[in-house]
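What follows is a short report on a single structure.
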Amino acid sequence: MNKKQYSRRKFISVLSASSAALTIPAVVSAGPHLKASAAKLAVSGGAPVRTQPWPHWPNMIVDDNMIANITATTKSGAWSRISNPVNGTVATFEKKYAELTGAKYCVGTGSGTQALGVCVDALNIQPGDEIITSSYTDFGTISAILAARALPIFADLDYRSYQIDPAAVAQKITPNTKAIMPVHIMGSACNMDAIMAVANKHNIPVIEDACQANFAKYKGRQLGTIGQLGCFSFQGSKQIAAGEGGAVIGNDDMLMDKVYTVQNHGTNKKGQNTTIGQKMRMNEFEGSIILSQLDKALERFEKRNENANYLSSKIKKIPGLTPQFQYEGSNSSGYYLYAFTYDKKFFNNADRQVFLKALNAEGIPASGYIKGMQHDLWATNILELGNYKKNYTKQQIKLFKDSLVLPSCDRVTETVVVISAGAILLGTKADMDDIINALEKIYNNRNSLS
Ligand SMILES: Cc1ncc(COP(=O)(O)O)c(C=O)c1O
């Protein structure tokens with residue numbers, strides 16, 4: 001990697017220097033009670049804001065109904081979806097999930113990565129083709145592209161929202177671009193109007209990676225239903241959790257038929273082998289555990305949004321903390337993670353790690369998210385593979401390498417703080433107040449951070 005070209009730290013230090021003239025209030029009070037606000041930080045030996053443990057996701061949603069459903073599936077002996085293709089748990093889940101999302105069709109898969117990979121194959125994307133996506137994502141997004149030996153081309157982010165920037169997408173389009181894969185990171189919407197405008201202008205299909213974004217809406221439509229295809233994950237940490245599991249939704253009859261065929265090792269609904277595909281089927285146990293959650297999933301989604309809105313209304317009043325920007329028209333989020341940007345200039349220049357250590361000591365589980373440069377390493381490795389050497393021109397490899405220069409993504413990587421939202425955002429208002437009080441306490445004691 002060309003060091004001159006890829007100087008991430010330099011970029012960030014320039015950013016910091018450019019906003020040197022700051023007004024930093026001495027003490028803030030955005031929280032309602034503030035009993036702990038001026039006390040000594042827990043990290044320095046003071047009493048933590050919270051000692052009560054947080055509930056665990058997904059343990060907290062295990063109930064008798066779920067156990068009875070799984071037992072029933074076990075006893076039925078119909079463990080594969082093909083044993084009960086019409087009324088089985090997977091077939092029933094597919095019908096219900098299509099209804100819940102507002103899509104015409106849904107096809108279950110074994111994971112979100114598989115869902116994305118099935119879409120890539122169903123769109124006939126081949127070695128030599130390019131897919132524009134975000135590097136600020138789970139590895140599954142990129143893995144689905146690489147599995148088809150296609151080339152991921154990264155577009156930089158809007159640093160406020162952590163989402164792919166439509167203008168950057170437009171710049172990366174070439175005659176080899178065969179899909180755009182926006183990732184609704186944290187569960188919140190990308191700027192979909194602008195992304196669809198770029199895609200439609202060039203007649204390129206959009207595969208929405210909505211793996212973190214169940215039920216979130218953008219301008220009245222659920223994420224996953226705006227592009228040609230939308231993908232979801234039901235991995236164990238997700239808002240609907242099955243250990244592993246995924247789904248593709250879409251409205252186009254022929255394309256969704258192809259999606260089914262591809263995930264069924266190339267065998268269509270009539271039992272004919274019509275295309276190439278791996279076996280990526282959801283099984284009946286996964287279907288059963290997902291179905292057991294669907295009734296309450298929307299209620300939980302709404303509770304998370306209510307709590308997230310409350311948190312954001314308070315956190316934005318604390319200098320140096322900025323909740324993830326939501327685009328106009330995105331009035332709800334899947335809230336896989338609740339995220340905000342940390343600006344150390346307002347915290348006595350304490351590094352994010354120091355801030356996180358203090359926040360954790362106050363009893364609030366928070367962390368950074370996607371690690372910087374993670375894609376750089378493996379992306380460089382894949383170029384050494386025969387397939388990539390053989391199928392891509394020098395020009396394409398240059399485009400790919402240039403697409404690893406992502407100043408906004410680097411800035412996001414270094415400054416974002418996330419709180420896992422699955423269980424925590426289902427808490428009470430008092431639980432949310434603990435988070436706000438801890439953040440305020442750290443701000444008000446920032447001079448003791450080092
Ligand atoms: C944004 C995003 N894309 C893709 C995936 C892959 O999904 P799975 O883990 O179910 O394969 C995930 C899962 O974490 C994700 O968060």
> Is there a residue in region 178-194 that is at pLDDT 95 or above, open to solvent by 20 Å² or more (accessible area, probe 1.4 Å) and farther than 25 Å from GLY220 by Cβ?
Replying inline: yes
> Got a sec? Which of ASN283, ASN273, ASN305 is touching a Phe, Trp or Tyr at 6+ places or on another chain (Cβ under 9 Å), over 24 Å from TYR218 (Cα atoms) and either at pLDDT below 95 or of a type in the set (S, T, N, Q) (or both)?
Replying inline: ASN283
>> It is to be established whether one or more residues within region 269-281 are surrounded by 18 or more Cβ atoms within 10 Å (Cβ to Cβ), within 22 Å of SER76 (Cβ to Cβ) and not aromatic (Phe, Trp, Tyr).
In response: yes
> Can you name every residue in region 371-402 that is at pLDDT 90 or above and in a loop (DSSP other than H, G, I, E, B)?
Replying inline: TYR392, THR393
> Which residues, taken from region 95-147, are hydroxyl-bearing (Ser, Thr, Tyr) and either surrounded by fewer than 21 Cβ atoms within 10 Å (Cβ to Cβ) or more than 13 Å from the ligand (Cβ to nearest atom) (or both)?
Replying inline: TYR97, THR101, TYR105, SER143
>> Can you go through ASP257, ASP252 and tell me which one is closer than 17 Å to ALA91 by Cβ and at pLDDT 95 or above?
In response: ASP257
>> Test of understanding: among GLY230, GLY224, GLY236, which residue is within 30 Å of ILE424 (Cα to Cα), within 16 Å of the ligand (Cβ to nearest atom), surrounded by fewer than 17 Cβ atoms within 10 Å (Cβ to Cβ) and within 25 Å of the chain's Cα centre (by Cα)?
In response: GLY236
>> So GLN353 ticks every box in (1) without any contact (Cβ under 8 Å) to a residue 40 or more places away in the chain; (2) not assigned by TED's automatic domain parsing to the domain that holds LEU41 but one. Which box is left unticked?
In response: (2)
> Based on what the data block shows, is ASN349 open to solvent by 10 Å² or more (accessible area, probe 1.4 Å) and part of a helix (DSSP H, G or I)?
Replying inline: no
>> Here is a check on your reading of the model: is ARG304 open to solvent by less than 70 Å² (accessible area, probe 1.4 Å), among the basic types (Lys, Arg) and assigned by TED's automatic domain parsing to the domain that holds PRO85?
In response: no
> Which condition number in (1) farther than 20 Å from ASN268 by Cβ; (2) within 25 Å of the chain's Cα centre (by Cα); (3) not small (Gly, Ala, Ser) is the one that ILE125 fails?
Replying inline: (1)
>> Among the listed residues ILE240, ILE276, ILE226, ILE204, identify the single one that is in contact with a helix residue (DSSP H, G or I) (Cβ under 6 Å, 6 or more places away or on another chain) and over 19 Å from ARG300 (Cα atoms).
In response: ILE226
> Would you pick out the residues in region 153-177 that are within 15 Å of the ligand (Cβ to nearest atom) and surrounded by fewer than 24 Cβ atoms within 10 Å (Cβ to Cβ)?
Replying inline: SER161
> If the Cβ limit is 9 Å and pairs must be 6+ apart or interchain, which residue in region 318-335 that is outside the structural domain of ALA216 (by TED's automatic domain parsing) pairs with which residue that is assigned to a loop (DSSP other than H, G, I, E, B) and among the acidic types (Asp, Glu)?
Replying inline: PRO319/ASP343; GLY320/ASP343; LEU321/ASP343; THR322/ASP343
> Only one of these conditions is not met by PRO365: (1) surrounded by fewer than 17 Cβ atoms within 10 Å (Cβ to Cβ); (2) in a helix (DSSP H, G or I). Which number is it?
Replying inline: (2)
>> For region 391-432, give me each residue that is among the β-branched types (Val, Ile, Thr) and within 22 Å of TRP54 (Cα to Cα).
In response: VAL416, VAL417, VAL418, ILE419, ILE424, THR428
>> Looking only at region 163-209, count every residue that is within 20 Å of the chain's Cα centre (by Cα), assigned to a loop (DSSP other than H, G, I, E, B) and on the phi > 0 side of the Ramachandran plot and tell me the total.
In response: 0
> Which members of region 409-440 meet the condition of being within 30 Å of ALA168 (Cβ to Cβ) and without any contact (Cβ under 8 Å) to a residue 40 or more places away in the chain?
Replying inline: none
> Can you find even one residue in region 243-261 that is away from the ligand (no atom under 12 Å from the Cβ), surrounded by 23 or more Cβ atoms within 10 Å (Cβ to Cβ) and among the polar types (S, T, N, Q)?
Replying inline: yes
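The values are calculated or read from the model by the stated rules, or taken from the named source; none is laboratory data. Computed from a predicted structure; not experimentally measured. A quick note on method: Cβ atoms are made from the backbone with ideal geometry, for glycine too, and the neighbour counts reach across all protein chains shown. Accessible surface is based on the protein model in full, side chains and every heavy atom, while ligands, DNA and RNA are left aside. Shrake-Rupley method; radii C 1.70, N 1.55, O 1.52, S 1.80 Å.
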